[in-house]
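The values are calculated or read from the model by the stated rules, or taken from the named source; none is laboratory data. Remember, it's a predicted structure, so these values are computed and weren't measured experimentally. FYI the Cβ positions are ideal-geometry reconstructions off the backbone, even for glycines, and counts take in every protein chain you see. Ligands, DNA and RNA are stripped out before the accessible areas are found, and what is left, the full protein with its side chains, is counted by its heavy atoms. Shrake-Rupley method; radii C 1.70, N 1.55, O 1.52, S 1.80 Å.
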Amino acid sequence: MGILVFVSSKAILSKPTFPFSVTGAFSLIFTLVSLLFFCGMALFLLIQGSPIFFQEQLSFITDADWFYRINQYGAASMIYGTILVSFLAIVLSLPFALGSAILTSEFLPNSIRVYVKSFIELLAGIPSVVYGLLGVLFLRPLIFKWFAPFSPESGDTLLTASVILAVMILPTVMSLSEDALRGVSKEHREVALSLGLTRLETFVHGVLPRAIPGIIAAVLLGLGRALGETIAVYLVIGRADNRLSDSLFSLKPLFEAGQTITSKLGGSELYIAYGEPTHWSAMIGLGLILFVFVGVIVAMGEAVNWLGRKYQHG
Amino acid sequence: MVSSIRIWKNQLFILLVYLSGFITVSLLFLGFILLLSKGFQSLSLEFLLSPMREGGISGGIFYQILGTLILAITTLFIVFPLSMGFALVKSIYIQKAFVKKTMELFLYILNGIPSVLFGIFGFFFFVKYLGWGKSWFTGGFLLAMMILPTTTLALSEGINRISSEYIENGLALGMRKTQIIFSIILPQSFSSFLSGVLLGLARAVGETAPIMFTATIFSGATIPTGVKESPILSLPYHIFNLVQESYHPQALSNAWGSSLVLIMLVILISGIALPFRLRAHEEAKV
């Protein structure tokens, strides 16, 4: 009943009581400005990015031959780099993120939990350029030293970029998964424990099924972050064009310099590209691919969240 | 025995959870302490208050701090009205559930757009098409657009939490819609909004990708006097450039110092947001 009243009283507000109000007009204008900006951005990516798909057709995404001096564009190595680096980042950070989320939500007393959680949220706010600085100064030499048997050319490798990304998305994934786990009501745990189930069984059968949509959404959000991160990746990936190994499953590329879509877009090649229609279109085409990737992943995350809510409320 | 296997599994689970949690938190904590200690070593009053010299190798970061503050204030002034209008339209003026849901999904997707795309679009539209060159205003505008989804969602969530009795009382008093908005809806959701804006701002302050093509240069700018062709210096871009010269020890030390100042700024803004966040939580419980 309360909800019914709630809806109807706001519904009254939506009916125009006066034909014109300054507040309403300004709100509408501001909304239109924001929507126009975003539509303009999407249109910009579509209109300026699509010519390259007509020129190079499928070879734009299947070939690794990006040579702008001879007007040849194939972005396969960057797409490969983007996908490899962000998936590896998720794989690397997931055990730690989930482990610490379970620890804080299921085992730690509330007094300690607050501190751990605020510290993790503090880390989520650290700018990516600072993570880049840490990566250049600490991780790069470490990777070079530890993986010497694989004879890396330098410390700038796809692996370095993945590890930095894994550290960067860890706070996001951990904090959101922890929220999902905490969202499961205490009764489920108490009932399971009182039936004599162990902590593990309680967690697996009582808590996890109810929290899993939230955890999946958290992982997808982390993946979206990883795909779009520019600065930290740019600093440690080596930015070598057209490296694509023959076999998709070979581990060799991990210890070589590479390129992701974002590290390409963040480089000074953008200044060179402007004014040469094909080159510019190739760059914006990369942006378009990135935009589609991220859009699909965020939409998937929202869908999972929505399904989870629907499932929980019956 | 079955039960002993169960117990062993349980013990293993607890051990693994504690291990991974402990490793994660202690490694992150170590990294954070390292960052702070390195930063404090190169921090001094002179570093904060003097301009950069010799391409960042000596001197301080006065104009970089100033530039970042200019960007932050510009962002604040742009995002405030825009997201307020957007949120009012989304949660008050539009009541169709379908349109609301679509707008919400739209905002979530916008929230995920990689920041470098804002930079590229800004470079094309403001820097080249409008011919503004690099300008502090473009940077502030792009950062505002980047955090607009966050702030809009924060305010509309706050509005959705307002108990209907307040609005009904307003209606019963014969208030017009505008009066209800200004004397009930906005004051009641203000803490949610402000905490959303400040958290967004904390993210915007540290961003490099949207401003590197559009607003900021590495050296040679002081206080901007106009809008066109008036670039600024900024902390994130300063660090970004110093990192690439990391073989020079003095440049490196300055990069640590600048990182510490940037992190302090982020923590300061999140700190200001904290009381509003707590109040918003309290509002949610009532």
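Only residues that are within 22 Å of B:ALA280 (Cβ to Cβ) and of a type in the set (Val, Ile, Thr): list them for the stretch B:121-174, please. Residues satisfying the conditions are B:ILE147, B:THR150, B:THR151, B:THR152, B:ILE159, B:ILE162, B:ILE167. B:LEU43 fulfils the conditions (1) at pLDDT below 90; (2) of a type in the set (A, V, I, L, M); (3) part of a helix (DSSP H, G or I) except for a single criterion, (3).
Given the structure, is B:ILE239 among the β-branched types (Val, Ile, Thr), open to solvent by 10 Å² or more (accessible area, probe 1.4 Å) and under 20 Å from B:PHE47 (Cα atoms)? Give the derivation first.
Working: among the β-branched types (Val, Ile, Thr): yes; open to solvent by 10 Å² or more (accessible area, probe 1.4 Å): no; under 20 Å from B:PHE47 (Cα atoms): yes.
When the stated conditions are applied, B:ILE239 does not pass them.
Under the condition of being modelled with pLDDT under 90, surrounded by fewer than 21 Cβ atoms within 10 Å (Cβ to Cβ) and more than 13 Å from the chain's Cα centre (by Cα), the residues counted in the stretch B:253-271 number 1.
For the stretch A:199-219, filtered to residues that are away from chain B (no Cβ under 14 Å) and without any contact (Cβ under 8 Å) to a residue 60 or more places away in the chain, the residue that is surrounded by the most Cβ atoms within 10 Å (Cβ to Cβ) is A:ALA211.
So which of A:PHE53, A:PHE30, A:PHE37 ends up being surrounded by 16 or more Cβ atoms within 10 Å (Cβ to Cβ), more than 10 Å from chain B (Cβ to nearest Cβ) and assigned to a helix (DSSP H, G or I)?
On the way: A:PHE30 fails: more than 10 Å from chain B (Cβ to nearest Cβ); A:PHE37 fails: more than 10 Å from chain B (Cβ to nearest Cβ).
Result: A:PHE53 is the single residue among A:PHE53, A:PHE30, A:PHE37 that is surrounded by 16 or more Cβ atoms within 10 Å (Cβ to Cβ), more than 10 Å from chain B (Cβ to nearest Cβ) and assigned to a helix (DSSP H, G or I).
In summary, B:SER135 fulfils each of the numbered conditions (1) within 9 Å of another protein chain (Cβ to nearest Cβ); (2) of a type outside the set (Asp, Glu); (3) out of contact with any Asp or Glu (no Cβ under 6 Å at 6 or more places or on another chain) with the single exception of condition (1). Looking across the stretch A:265-308, the residues that are more than 9 Å from chain B (Cβ to nearest Cβ) and of a type in the set (Val, Ile, Thr) come down to A:ILE272, A:THR278, A:ILE289, A:VAL292, A:VAL296, A:VAL304.
With a requirement of 1 or more residues that are closer than 20 Å to A:PHE60 by Cβ and polar (S, T, N, Q), the helices (runs of 4 or more DSSP H) lying completely within the stretch A:214-301 that satisfy it span A:261-265.
So, B:ILE263, is that one at the interface with chain A (Cβ under 9 Å from one of its Cβ atoms) and either without any contact (Cβ under 8 Å) to a residue 24 or more places away in the chain or out of contact with any strand residue (DSSP E or B) (no Cβ under 7 Å at 6 or more places or on another chain) (or both) or not? Here the answer is yes, as B:ILE263 does meet what is asked. Of everything listed in (1) within 12 Å of chain A (Cβ to nearest Cβ); (2) closer than 25 Å to A:GLU229 by Cβ, the single unmet condition for B:TYR129 is (2). Restricting B:SER83, B:SER115, B:SER91 to those that are in contact with a Pro (Cβ under 7 Å, 6 or more places away or on another chain) and in contact (Cβ under 8 Å) with a residue 40 or more places away in the chain reduces the list to B:SER115.
The condition (being surrounded by fewer than 24 Cβ atoms within 10 Å (Cβ to Cβ) and more than 25 Å from A:MET168 (Cβ to Cβ)) is satisfied by just one residue among A:GLY308, A:GLY295, A:GLY238: A:GLY308.
Pick out the one residue from B:GLY67, B:GLY55 that is on the phi > 0 side of the Ramachandran plot and either in contact (Cβ under 8 Å) with a residue 24 or more places away in the chain or not in a helix (DSSP H, G or I) (or both).
Values: B:GLY67 fails: on the phi > 0 side of the Ramachandran plot.
Of B:GLY67, B:GLY55, the one residue that is on the phi > 0 side of the Ramachandran plot and either in contact (Cβ under 8 Å) with a residue 24 or more places away in the chain or not in a helix (DSSP H, G or I) (or both) is B:GLY55.
Just checking, does the stretch B:60-67 include any residue being open to solvent by less than 30 Å² (accessible area, probe 1.4 Å) and within 30 Å of A:SER34 (Cα to Cα)? Yes, the stretch B:60-67 has at least one match.
Which members of the stretch B:100-120 meet the condition of being at the interface with chain A (Cβ under 7 Å from one of its Cβ atoms) and either in contact with a Leu (Cβ under 8 Å, 6 or more places away or on another chain) or under 20 Å from B:LEU142 (Cβ atoms) (or both)?
Step one: of the stretch B:100-120, the residues at the interface with chain A (Cβ under 7 Å from one of its Cβ atoms) are B:105, B:108-110, B:112-117, B:120.
Once the filter is applied, which keeps residues that are at the interface with chain A (Cβ under 7 Å from one of its Cβ atoms) and either in contact with a Leu (Cβ under 8 Å, 6 or more places away or on another chain) or under 20 Å from B:LEU142 (Cβ atoms) (or both), the stretch B:100-120 yields B:TYR108, B:ILE109, B:LEU110, B:GLY112, B:ILE113, B:PRO114, B:SER115, B:VAL116, B:LEU117, B:ILE120.
Within the option set A:LEU122, A:LEU142, A:LEU137, A:LEU133, being in a helix (DSSP H, G or I) and under 19 Å from A:SER177 (Cα atoms) holds for one residue only, A:LEU122.
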